[in-house]
Amino acid sequence: MSKQVVLFNGVYGVTQEGGSPWLPLSILTIGSFLKHHGYDPVLLDPQVHPDWKDRLAALTAQGPVYLGVTCMTGPSIYNVLEAIGIAKGVDPTTPVVWGGYHATLRYSGIVREGLADAVTRGPGEDAALELARIFEHRRSGDAELADELRTVSNIAYGPGGGGRTGLRLTPSKRMPDVNDLPPCDYTLLDPELYYVESERTLPFITSYGCPYACAYCSEPTNSGRRWRGLAPERLVTEIHNLVRDYRPQIIDFMDPNFSSDPRRVVAFAEEMRKRPVKVGFMACMRARDIVMISKRMPIQNLADIGFERVFIGVESGSDRLLTHLDKAATTQDTFDACQALSDAGIQTWTSFMHDLPTETPEENEETLAMAERLIQLEGNLQSHHFYMPFPDTRLFKDEFSHIDLTLLRQEDWAESSTKGSVLWRGRPEFRNRVVDRLEKMRDERPDVFALTDLPERTSCDEPGSQAVLEPSLSRTYQSLIQEDLAG
Ligand code: SF4
């Protein structure tokens with residue numbers, strides 16, 4: 001009996017800001033968990049496996065337990081759809097499990113389109129294992145499959161394990177405590193494949209979830225606003241092991257928010273000072289958290305243990321908008337946090353969002369003024385984006401609840417990016433004015449904008465958000481009508 005589980009991340013091209021490939025922790029964490037429980041996971045990543053289609057076909061021909069796929073909302077969906085098509089083309093009975101952020105947000109559409117036998121919702125370790133135990137003896141399309149799937153927590157499925165109607169949801173189980181999970185097994189996806197000449201950066205996740213509720217972010221839906229972080233002692237032990245085994249120059253903490261518990265950051269710094277190791281750190285932290293950390297210890301302590309760069313989601317320079325976005329932080333927090341990090345010699349990578357729903361030109365001026373103010377700080381880097389609506393976020397529900405999402409297919413979501421989406425192309429004149437201002441800032445300080453491209457201009461001849469929606473939906477209507485006629 002095969003124990004092989006094929007796990008595929010649909011990363012579309014090299015999507016990491018900065019341009020180098022990034023090791024997908026999504027499939028590495030699930031693969032590590034399955035391996036710990038006796039399965040034989042094989043991980044496929046289009047970034048480093050250019051022959052992934054041939055590999056996938058060959059693996060499917062061997063009859064794996066299932067094909068697990070994952071991606072974010074956006075162009076990566078195309079690769080996932082192609083992977084499913086390849087596997088089903090080789091053997092239509094291959095079970096398909098779709099998990100991750102996009103699946104958690106749009107599980108209903110995936111089931112309705114019959115693309116997967118089961119869709120996992122939220123962190124997927126337990127469901128991935130329970131499904132492996134079922135698919136060891138069941139294939140896609142088995143009549144008894146639905147009866148067994150009902151026993152798996154945190155999944156969505158349809159009648160017969162797939163199908164376009166009759167969505168079924170199983171009860172949610174609490175997010176796993178990362179301290180109960182095995183360490184990530186990097187032998188499943190060699191980090192050397194992801195190192196680039198200029199830097200050996202190893203991604204690592206130290207916590208799951210986030211307790212905050214930012215209105216544009218998919219994490220609150222994914223984790224239910226729960227948070228669990230590795231205990232500082234185990235975290236430092238794992239860092240020592242990674243440095244010994246993979247010799248990274250930088251360990252990039254890929255947590256949604258590394259500082260969700262500021263006390264843990266302080267305890268981590270203390271533990272690192274007791275057991276130092278030569279490696280740099282990068283992490284995403286909330287501005288308000290950094291201010292709270294600074295009340296418990298000097299921010300210089302972070303620099304002393306190796307922190308080189310901190311990513312901060314600034315989003316807006318308007319306090320009215322920050323409140324509207326449920327950021328639980330103020331513009332003063334943003335500036336104070338960046339100032340403290342800069343004073344400690346830590347780079348700040350600040351990210352801004354423009355053309356947010358309800359944002360006025362005056363409020364956008366405040367955002368640009370914040371960007372100009374932060375540029376003055378030593379070590380500031382910036383990236384700027386236009387708002388992209390992620391399904392099932394609070395802002396999405398505010399703005400797009402009048403739209404019947406059952407009309408949107410996964411191909412429609414694949415068209416979504418910060419350059420525009422099927423639902424929101426933004427306000428072209430508003431956006432182009434932002435690009436004008438950013439280009440001037442970049443001309444004066446190209447070093448600040450070295451990590452990412454500026455957002456693209458929008459043609460004023462292109463239709464605005466509502467007009468974009470209509471032809472796209474009419475395409476979807478057309479395909480549904482044709483399917484119904486064919487059926
Ligand atoms: S703090 Fe970060 S991860 Fe948490 S909800 Fe806000 S944007 Fe999302």
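Below are the figures for this structure:
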| quantity | calculated |
| --- | --- |
| Some residue of the stretch 260-267 being within 16 Å of the ligand (Cβ to nearest atom), in a helix (DSSP H, G or I) and of a type in the set (A, V, I, L, M) | yes |
| Selection status of ILE84, in a helix (DSSP H, G or I) and open to solvent by less than 20 Å² (accessible area, probe 1.4 Å) | yes |
| Residue count, the stretch 37-66 (criterion: under 24 Å from the mean Cα position of the chain (by Cα) and assigned to a helix (DSSP H, G or I)) | 3 |
| Some residue of the stretch 194-208 being away from the ligand (no atom under 16 Å from the Cβ), open to solvent by 20 Å² or more (accessible area, probe 1.4 Å) and closer than 20 Å to VAL42 by Cα | no |
| Count - residues of the stretch 286-324 that are within 13 Å of SER342 (Cβ to Cβ) and outside any helix (DSSP H, G or I) | 6 |
| Residues of the stretch 236-251 satisfying the condition of being more than 16 Å from ALA269 (Cα to Cα) and either within 11 Å of the ligand (Cβ to nearest atom) or of a type in the set (D, E, K, R) (or both) | ARG244, ASP245, ARG247 |
| Residue match in the stretch 213-235 (condition: aromatic (Phe, Trp, Tyr), at negative phi and either in contact with a strand residue (DSSP E or B) (Cβ under 7 Å, 6 or more places away or on another chain) or within 16 Å of the ligand (Cβ to nearest atom) (or both)) | yes |
| All positions within the stretch 270-291 that are open to solvent by 20 Å² or more (accessible area, probe 1.4 Å) and within 13 Å of the ligand (Cβ to nearest atom) | CYS284, ARG286, ARG288 |
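Yes or no, residue by residue, for (1) within 13 Å of the ligand (Cβ to nearest atom); (2) touching a residue at least 24 places away in the same chain (Cβ under 8 Å); (3) open to solvent by less than 10 Å² (accessible area, probe 1.4 Å):
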{"residue": "PHE307", "(1), (2), (3)": "no, yes, yes"}
{"residue": "PHE311", "(1), (2), (3)": "yes, yes, no"}
{"residue": "LEU321", "(1), (2), (3)": "no, yes, yes"}
{"residue": "PHE335", "(1), (2), (3)": "no, yes, no"}
{"residue": "ALA340", "(1), (2), (3)": "no, yes, no"}
{"residue": "THR348", "(1), (2), (3)": "no, yes, yes"}
{"residue": "ASP355", "(1), (2), (3)": "no, yes, yes"}
{"residue": "THR367", "(1), (2), (3)": "no, yes, yes"}
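The values are calculated or read from the model by the stated rules, or taken from the named source; none is laboratory data. Values in this document were obtained by computation on a predicted structure and should not be read as measured data. Please note: Cβ atoms are built from the backbone with ideal geometry, for glycine as well, and neighbour counts cover all protein chains shown. Just the protein is used for accessible areas: all its heavy atoms, side chains included, with ligands, DNA and RNA removed. Shrake-Rupley method; radii C 1.70, N 1.55, O 1.52, S 1.80 Å.
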